[in-house]
């Protein structure tokens, strides 16, 4: 929230922010309410907190905010992402310069400053399994395939590049295109709903990555979050490949 306020200062704009709490945890909801009230004092922010009575998944939570909005540009942002102060300036400028752009991914680094590849190529079952479960020595044997999936060849500066898939941790989306595809597919509970959205939005315009739009991402890695996340990851992967086409190797 603090990084977003700084970014808004640099574009001299205000923003409407919707936070959807699906935790079903009364203490957590109370803490979030207190936090939102603190940030609501800032004139650049209109903060709406929605506390739900159920948890229907990542995409469904976002759709509670997305589909009721008339925004020209919508930023889907995880709480574990810090925006660079110039991120909003550069992202909004790209959408103004390129009318055909519908979905934009930033360049991302982790907390240590290493590249965090959140724009991807189309995955294979092998690559996803290697990234989630394989030890480092085994991943090393397939480094070229992993690098191709993570689009590691893309430069860290220069003009925007066309990409296939964008991570839901941070994506700028043109509002009319987002409403045209009805937001996220709520059949996905968690994982791969962002990939599905990327492919559906690509039918309405360009999907790109902008090297000069920078974020720091503190999260990721489903396999390290326990068996529930592994289960959601597997179920989401099965649905994604069944819908968009299986690629095993």
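The values are calculated or read from the model by the stated rules, or taken from the named source; none is laboratory data. Here the structure is a predicted model, which means the values were calculated and not measured. Cβ: placed from backbone, ideal geometry, glycine included. Neighbour counts: every protein chain shown.
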Quick check: is even one residue across the range 185-195 over 25 Å from residue 109 (Cβ atoms), in contact with a strand residue (DSSP E or B) (Cβ under 8 Å, 6 or more places away or on another chain) and touching a residue at least 24 places away in the same chain (Cβ under 8 Å)? no
If you check 136, 78, which single one turns out to be without any contact (Cβ under 8 Å) to a residue 12 or more places away in the chain and under 26 Å from residue 234 (Cα atoms)? 136
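Among the residues in the range 3-22, are any outside any strand (DSSP E or B), modelled with pLDDT of 90 or more and either more than 21 Å from residue 158 (Cα to Cα) or in contact with a strand residue (DSSP E or B) (Cβ under 9 Å, 6 or more places away or on another chain) (or both)? Don't jump to the end; show me each part of the working.
Kept after step one, since they are outside any strand (DSSP E or B), are these residues of the range 3-22: 3-14, 22.
After this cut, where a residue has to be modelled with pLDDT of 90 or more as well, the list is 22.
From what is left, the residues that are either more than 21 Å from residue 158 (Cα to Cα) or in contact with a strand residue (DSSP E or B) (Cβ under 9 Å, 6 or more places away or on another chain) (or both) are 22.
Yes, that holds for at least one residue.
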Given the conditions (1) touching a strand residue (DSSP E or B) at 6+ places or on another chain (Cβ under 6 Å); (2) at pLDDT 95 or above; (3) surrounded by fewer than 20 Cβ atoms within 10 Å (Cβ to Cβ), which single one is not true for residue 175? (2)
Of all residues in the range 111-127 being under 18 Å from the mean Cα position of the chain (by Cα), crowded, with 18+ Cβ neighbours inside 10 Å and closer than 15 Å to residue 192 by Cα, which is modelled with the lowest pLDDT? 118
Looking at the range 82-94, can you tell me whether even one residue there is under 18 Å from the mean Cα position of the chain (by Cα) and closer than 21 Å to residue 240 by Cβ? no
Residue list for the range 11-41, restricted to those being buried (at least 16 other Cβ atoms within 10 Å of the Cβ) and closer than 20 Å to residue 86 by Cα: 11, 15, 17
If you take the residues in the range 128-160 that are within 24 Å of residue 90 (Cβ to Cβ) and in contact with a helix residue (DSSP H, G or I) (Cβ under 9 Å, 6 or more places away or on another chain), which one is surrounded by the fewest Cβ atoms within 10 Å (Cβ to Cβ)? 153
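Looking at the range 142-228, what helices (runs of 4 or more DSSP H) fall wholly within it and have at least 3 residues that are farther than 22 Å from residue 239 by Cβ, assigned by TED's automatic domain parsing to the domain that holds residue 127 and over 15 Å from the mean Cα position of the chain (by Cα)?
On the way: elements: 143-149, 175-180, 193-201.
Those helices (runs of 4 or more DSSP H) span 143-149, 175-180.
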